[in-house]
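A short write-up of the structure that comes next.
Bear in mind that the values in this text are calculations on the coordinates, not laboratory data. Here the structure is a predicted model, which means the values were calculated and not measured. Note that each Cβ is placed from the backbone with ideal geometry, even for glycine, and that neighbours are counted across all protein chains shown.
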Amino acid sequence: MDEIALEARRITKVYPGTTALDNADFKARKGKVNVLIGENGAGKSTMMKIVAGVETKTSGAIYVNGAEAEYTTPNEAIQHGVGIIYQELNLFPNLSVAENMFMTRELKSSRFSIDHKKQNETALQYLKKLNLEVPPETLVVDLRVGQQQLVEIAKVLSQKARIIIMDEPTSALTEAEVGTLFSVIDELRKQGITIIYISHRLEEILHIGDYVTVLRDGKFIDEKPVTEIDIPWIIDKMTGGHKIENVYERRPMGKEILRVTNLSLPKKNGRGLAVNGVSFSLRAGEILGLYGLLGAGRTELLECLIGEQKNYTGTIELEGKTVKSKNISGRIKDGFALIPEDRKTLGVFGNMSILENMIMSALSRFFRRFILREKMEQAAAAGVSKDLNVKAASILDSINSLSGGNQQKIIIGRSLLTNPKILLMDDPTRGIDVSAKYDVYEICKRLAKKGIGLIFVSSEMQEMHAIPDRVLVLSQGRVKAEYLHEELTEEKLVAASAITINTGVEE
């Protein structure tokens, strides 16, 4: 058996009104990639926060290299060799790579002076270990997301961490950047570094992992070497046997409600077009899928429709009339609503309650003569929460108390309270588990049955088979192909989107 680098034994974590972990166990083998999986709300994030010293356990024990380790802060955890890299990168964009790596633990030449030369030299040593060829003086804002991810790893390594927790490290990376990250992980593994890896991408787990541990409902379910499992085993353990095979179903559609003609948008850097002459239509009750690689122009297209981008050309017609509103609030009044790609930054108000997050876009509905009708807003929010099967003790709880999947449902609920005609969904299942994904699919189908037109963005081929009635493939800002559901194959999606890869042009 491989040597155990870290072990969490019978960990329990109780929050007011809920038990996040219930006598749960977890082991991480030395020099291996130890994958921790489970549905949103299964307790994996809570377990990792406890292991990383971010949260304190209610009961249980943590052992590092066989010895019990008591710590209650991230600084104390790093003293035991345990570091964490969060899904949302924790870097200062206006500071250099070296300054980020040594933040709060600067190398000093005197009591009041930072030794920038020594910091840059030391940072360069760690960057070279990760084959990241950027000068340590480079501002983080000038790095690609994949490079920023490597800077986070270098920062943790510079803290002498021998156990590194990676929370959804590939969620925002391109395919090429994922390959680079996996190469770095392989090298860390050879150096005896222990990796704890959280991901919802099941194929990725089988590719990079050595061991898999499954949590469900706050409890330990099973663990196996990756060589002994497959995707059906993972799904079965995560869901308790609950499986949905083919969720697509054909529905009657109404008349055309949206027509986009020759829509173009310049890139932010002024070099070319992010959206290039895109035209399409959408019918009431139709789910239109937008498929493409990262950078294909999917998000920018939705930003034009919701009014976030203003310098586009072309026309947008809603129910036969040209849309003239120029801002987001105007587009919401017109009947557009957006589920943003970045849930944490653009979707969730973390310091507010579930109720406040839910009604944020529809406040005007609940005012009568300048007085907010609290009972009315609570009833509306509670009704939508129930309809979307949100798992929460109370709508007055903090939005941060919810799992990622339930937070996503709240964002969808916020959009529904504006009574939209067109619902724009930008990668709505990003970072949520298998079961929560199927919940989102079911919500989409129910909304379509009510006559709402949906535009569903995703880079996952499986999702294009799951719910859209029709799929547009975007590449370099253009529509490269269009398929009805019955015409769609994986080979066609790859062929249509692969043009971007073959050109060698970075989008």
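Points to keep in mind about this one:
- When the GluC sites (Glu not before Pro) in the stretch 1-93 are filtered for DSSP coil states and for at most 15 other beta-carbon atoms within 10 Å of their beta-carbon, the remaining sites are Glu3, Glu70, Glu88.
- Taking other C-beta atoms within 10 angstrom as a stand-in for reagent exposure, Val390, Val178 fall in the order Val178, Val390, fewest first.
- Share, in percent, of DSSP beta bridges within the stretch 379-489 that are antiparallel, nearest 5: 55
- Loop-located chymotrypsin sites (Phe, Trp or Tyr not before Pro) in the stretch 287-342 (DSSP state not H, G, I, E or B) with no more than 15 neighbouring Cβ atoms inside 10 Å do not occur.
- Close lysine pairs were tallied over the stretch 386-458: pairs 8 or more places apart or on different chains with Cα atoms under 16 Å apart number 9.
- The slack between Met352 and Lys268, meaning 0.36 nm per residue of separation minus the straight C-alpha distance, is 27.0 nm.
- Considering only Val54, Ser109, Ser415, and ranking their Cα positions along the charge dipole of the chain that arises from unit charges at the beta-carbon of Lys, Arg, Asp and Glu, the one farthest toward the positive end is Ser415.
- In loop segments of the stretch 56-154 as defined by DSSP, the chymotrypsin sites (Phe, Trp or Tyr not before Pro) with at most 14 further C-beta atoms inside 10 Å of their C-beta are Phe112.
- For the chain, size of Cβ-based charge dipole, Lys and Arg +1, Asp and Glu -1, in debye: 1620
- Helical segments meeting 15 Å axial Cα length and Kyte-Doolittle 0.0 threshold in the chain (DSSP H): 145-158, 175-190, 490-503
- A Förster distance of 35 Å, applied to the separation of the beta-carbon atoms of Arg259 and Glu486, puts the FRET efficiency at 0.90.
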